[in-house]
1. Considering the range B:458-483 alone, what residues qualify as being within 14 Å of chain A (Cβ to nearest Cβ) and open to solvent by less than 10 Å² (accessible area, probe 1.4 Å)?
2. Return yes or no: is B:I646 part of a helix (DSSP H, G or I), out of contact with any Cys (no Cβ under 8 Å at 6 or more places or on another chain) and touching a residue at least 60 places away in the same chain (Cβ under 8 Å)?
3. Do you know which of the residues in the range A:187-196 that are under 20 Å from A:R33 (Cα atoms) and touching a residue at least 60 places away in the same chain (Cβ under 8 Å) is most open to solvent (accessible area, probe 1.4 Å)?
4. Are any residues in the range A:239-279 open to solvent by 70 Å² or more (accessible area, probe 1.4 Å) and under 20 Å from A:E167 (Cβ atoms), and if so, which ones?
5. Considering the range A:123-157 alone, what residues qualify as being under 20 Å from A:R82 (Cα atoms) and either among the aromatic types (F, W, Y) or buried (at least 22 other Cβ atoms within 10 Å of the Cβ) (or both)?
6. For the range B:759-783: of the residues being of a type in the set (A, V, I, L, M) and assigned to a helix (DSSP H, G or I), which is most open to solvent (accessible area, probe 1.4 Å)?
7. Would you check which residues across the range B:264-292 are away from chain A (no Cβ under 14 Å), among the charged types (D, E, K, R) and farther than 16 Å from B:A238 by Cβ and list them?
8. Do any helices (runs of 4 or more DSSP H) entirely within the range B:272-389 hold 3 or more residues that are closer than 30 Å to B:G824 by Cα and modelled with pLDDT under 85, and if so, which?
Amino acid sequence: MAPSDLRRPYKRPQLSDQQRRRELSLKRQEQSRDAELQARRLASTLLSLPPEQQPSDPEPEPSSSTDYDLRDASKLKGPAARKWFAKQLMLPEWMIDVPHRLPHDWYVLPRPAGRRCFVVSSDGTTISRQRNGTVLHRFPSALPHGSRNRDGSGPPSYSILDCIFHEMDQTYYVIDMVCWKNYSYYNCSTEFRFTWLKEKLAETKACDPPSYYHKYRFSLVPWSRCDLAGLHNAYAGEVPFIKDGILFYNKHAHYQPGNTPLALVWKDEHCSQYVIDTDSKGQVPSHQQVVLELQDDGKVTTSDDPPVVFSCLNLDFIQQSGLQSGCLLRFAIGDGGLTIVDGKLERADLHYVGTSNRARAFADTYSKIMFQSMARGSPLRIDDLVASISSSDDEADTLDVEMAV
Amino acid sequence: MEITQYLLSAQSADARVRTEAESNLRKFQEQNLPAFLLLLSVELANNEKPVESRRLAGIVLKNLLDVKDSATKKHLAQQWMAIDIAFKSQIKSWLLQTLGSSVPEARRTSAQVLAKVASIDVPQKQWPELIGHLLNNMIQRDSSADLKQSTLETLGYVCEEISHPDLQQDEVNSVLTAVIQGMNLAENSSEVRLAATRALCNALEFAQTNFENETERTYIMKMICETALSKEVEVRQAAFECLASIASMYYSVLGTYMQALFELTSNAVKGDVEPVALQAIEFWSSICEKEIELQKYKTADRNCWDSLPDFVPPHSRFIEKSRISLIPILLEILLMQEENVSQYDNIWNISMAGKKCLELVAQTVGFVIVPLVIPFVVANRVKPDWHCREAAVFALGAIIEGSTIYQDLGVLLKYCELVRELIDDLLFLMNDENNQVKETTAWTLGRIFEFLHSPVGGFSVITSDNLPRVVDILVKSVKDAPNVATKVCRAIYTLAEGYEEAGMHSSFFMPYIPRIIESLLFAASRADLDDLKLTSAAYESLNEVVRCSSSTEAPQIIRELLSVILERLSQTLERQIVSSDGKEKQADLQASLCGVLQVIIEKVSSADDLETRSIMLTQADQMMFLFLNVFSCRSSTVHEEAMLAIGALAHATGSEFGKYLPELYKYLKRGLQNFKDYQACSVTVGVVGDIVRALKYKVVPYCDGIMQILLTNLSSEALDRSVKPPIFSVIGDIALSIDENFQKYVDSAVPMMQRAAELCAQMDSNDDELLEYGSQLKCSIFEAYSGILRGTKKSKIMMPYAQLLYEFIGFVLKEKDRYHVPIGWDILLRKALAAVMDDLADLLGTNSKTLFGDLTARVTYTGACLQSDCDNLK
């Protein structure tokens, strides 16, 4: 065959729209499959992890490459599953600068003080589990299949809510939804999840006062558009719980396990009792303290992905102190403070304090350290948020004008 | 002999006579194949028989050795190999003897049949004397010119059929010597030289060793170059064809000859007749393709291709070095358009070849082509001769892609500025008096938007200043002649594509959307169309416009559009159509409309707000009604399109979709059983996934039927293999959706998965395509296991299969260290693997020790472990 026959249609054959539609379908199907499996794995872990962190469990040896031996599956199951589980909540970053277009793309909600947990209802029982894997409560609830009361009502199912348990009024404040009656909502936007959560919760009696088959009340945290009124309500409005700062959720974001900049948390003295971190004795230390993870090469880093390097330890020092890579170490930030150049950390004046409390699973995130640092010096104030929202409105106006021209 | 009569009767005009003869021949063949083949070869060899019967004897013989269909081909080869060697020797001997026949047709047929025999016997080392025999024909003094010619033809055909390792180097040497001698001008007739040159073209592939030797290589090149100057057009053409092949195969050793080759080919392009000039252009195009390939190696990620750099020959930059003289020649060729030939009619002539070559040159040299072409564009765009204007516009369109890829933003911004200056001229040419000029202009606009219009990327030829004029002209030109309007639709497509997911950047395009939609709807339904090219182009552009519409505009746009599309789809169902042509058109139209509906459904279901999403719920009944009616057309493309839309609808409506399943079920079944159109089958498999995810337990009553078909499909040889991985994945989907109800399928489904896993272990790791398929298959088997393990966790019914899954995991882990997994698949495979390990550990719980206690294989896998969050791997 003459080579020319091969390239007859001299115009590069474009990807036909049909082919594109086919591929987009495949992509959607794959994402849905992943979301279903993800929800199922989470539910399974929620239901089957041992209720408490067992003291006999050896600390997992964290390392970048792990030898996995199936014979050890059961042994690994505990710590490894815990570690996996700890990354399943969608964790807000700390707000260190104000995102653009707050009123257009973001929701705002007051954050109840309390314990963040997943609540799973399945098989006639409801379990709430904190980020470290320990069971907070095992109880009957009016969530779907959350108590024995509703046996026989429809095929078995499981539902997973993202909540904060508020001690004072013994209420689960629901902030998000991962799964409802076997339908996974990982791939849905915040706007959709929040609206749907409201509807679905209303279909149950979960928000009713406690009863025999419903031990704890559930309640929706009121969310609204992040315009001036919305921000004001979240910041200063009356709520039935103790507030610990305010949360911002990007409307278009999917439920993203782990740290994400698409959800943010912010606080000041007015809306939170605990703006500046305290030490184990409840005192505010004179210098900011941070917890960082030691890497193989002696670098100490945050728990972000990718990690942010704060400093590098002397290898002799590491050997002398008997520290191992993966250790969580506590440092104080000296008077030299943090040097930021072009938005990037250049240098940190770190002073080694000691190893961190063993209960901790993760180092601090970059945004947390920065927020705390700013809180001690020049915090981001509510006025800054208000100003940003106001200018954002102006921006939209000018854009409208441009469009009209 | 009665066979002659049968062969003649089989060509009779009288159908009855013909059928009877054919059936007699078949009977003969079935009763005694070896004897039948022998008889045919004797018939072909016999100079006293009529040409007609000899010709057919040759054809029948050939068809009993080789056909297109690969399964049958394999069968035929086995059949031949089973024949007694005595018969085969006789047949071969008759065939070889026929090469010297005085009847040209018998000689040629025999040469072809010989090549087919060789294609089976030579690789099996069953015909070692063939090459020697053929060479003998060339050496013998008394060999006639006819015998030499047909011998050379045979050599050429044989080289085409077999592959490099089938010949020993000394055989290759002899073949090349014989062929080169055959090309000798002084000694041979033009027929012999033509056959020799053509044979050389096929033999080049075997000449690797010879091309490594400079003396031999130079000798071969010299002969070809001399032959390229022959008197006879066909011989010259064949010689240039050799040069084009050499450009692809022996690029790295061309340096010394390049100057001479460049002159030779330039002269041919400028002065020779078209068939020769085409081959000369082909030479350049081949050099371009080679250099483009070399650049790809350079840019490919080294980590994934660690073994490759050794094989990459040096990049000689021939095109870049000769661009100053080469490009003007190509631009001249662009001016040689034929009258009234639409460029898109797939006619291969010199200006087409020049156009293709210019595109390739642009891809080879990149941005440096721009200053060499733009002056031509500027000078010719306003000339009175339409050839000039068309060539000018074409040249611009042809270089856009090549000169923009891999460029940094600075260059692109400058480029945009340059092209922006020309936009008004192009818009002006959309009103040209010449249809071809308009068509090319629309095409070029489309290319410009495709490659120089990316608001998200920070560069675009479009500004809020010129956008109104651009839209205005495009919208008007949709009413132009169909060939022009079709290209205009494509330009609208690429214009809109730039605004897809562009957020704020798309805001100044949004106001034009209603007008664009209106014009596309008009174009799609124009009454003056003979075919549906414009209609489908218009609907495809409509799809893109819907995709790019912003979330604030989309709901309103979709509400209006949806009713029009539903109305149009329902109109196609009202018409009574009898002719097959009409039916085909109806089906194509329905396919396009279903495509639009799919895009609308996807758009709506990905909306953030419930109000927009609710559009689907209110319209779902009518849509399903139409889709089900469309299925009655039974055309597979429309089936596929409607299926895709239905999958999207199931995803959008969730459990509400349940009410449609009773009616839909039979079409699902039909789609799953459509082996012939495996694309439709594959799409249906995906849609089953959508449906089970949407319906969960509600799908249980249908699962017996669905699972039965899926399992039958998996074990079928007739189903295209590409459908099998999606089937495994969807089995996982089903298990996950119906939980313990899946128990009853475990004992039939899991063994299938195990068999496929065994198949993975036997795959040839040297075949790239197979490696990719293997990775896909492994991923899908893991997905099936994941779904089943999670779905049936409570009953622990998977316990007995845990060990085999464990072994499969171990196999894949170990294999991963040995072979490289195709790019892209390593991540997916790792993800699926990490997930299934987690799922298995979840099943085993505390039992894993007792189960695996005696297994000592320790499996190391870097990167995939329980700790690694699947999302990090995405």
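The values are calculated or read from the model by the stated rules, or taken from the named source; none is laboratory data. Owing to the predicted nature of the structure, the values given are computational and were not obtained by experimental measurement. Methodologically, a virtual Cβ is constructed for each residue, glycine included, from the backbone with ideal geometry; neighbour enumeration extends over all protein chains shown. These area figures cover heavy atoms from the full protein model, side chains too; ligands, DNA and RNA do not enter into them. Shrake-Rupley method; radii C 1.70, N 1.55, O 1.52, S 1.80 Å.
1. Step one: filter the range B:458-483 for residues within 14 Å of chain A (Cβ to nearest Cβ), giving B:463-465, B:467-468, B:483.
Of everything in the range B:458-483, just one residue is within 14 Å of chain A (Cβ to nearest Cβ) and open to solvent by less than 10 Å² (accessible area, probe 1.4 Å), namely B:L467.
2. Details: part of a helix (DSSP H, G or I): yes; out of contact with any Cys (no Cβ under 8 Å at 6 or more places or on another chain): yes; touching a residue at least 60 places away in the same chain (Cβ under 8 Å): no.
Criteria not met by B:I646.
3. A:N187
4. If the condition is that a residue be open to solvent by 70 Å² or more (accessible area, probe 1.4 Å) and under 20 Å from A:E167 (Cβ atoms), then A:P240, A:Q273, A:Y274, A:T278 are the ones that fit.
5. Of all residues in the range A:123-157, those under 20 Å from A:R82 (Cα atoms) come to A:126-138.
Scanning the range A:123-157 gives A:T126, A:I127, A:S128, A:R129, A:G133.
6. At the first step, the residues of the range B:759-783 found to be of a type in the set (A, V, I, L, M) are B:759, B:761, B:763, B:770-771, B:777, B:781.
When the remaining residues are screened for being assigned to a helix (DSSP H, G or I), the result is B:759, B:761, B:770-771, B:777, B:781.
On the way: B:L759: 87, B:A761: 56, B:L770: 35, B:L771: 26, B:L777: 4, B:I781: 0 Å².
Residue satisfying both the conditions and the ranking: B:L759.
7. Result: B:K270, B:E291.
8. On the way: elements: B:274-299, B:318-334, B:350-365, B:370-380.
Counting at least 3 such residues, we get B:274-299.
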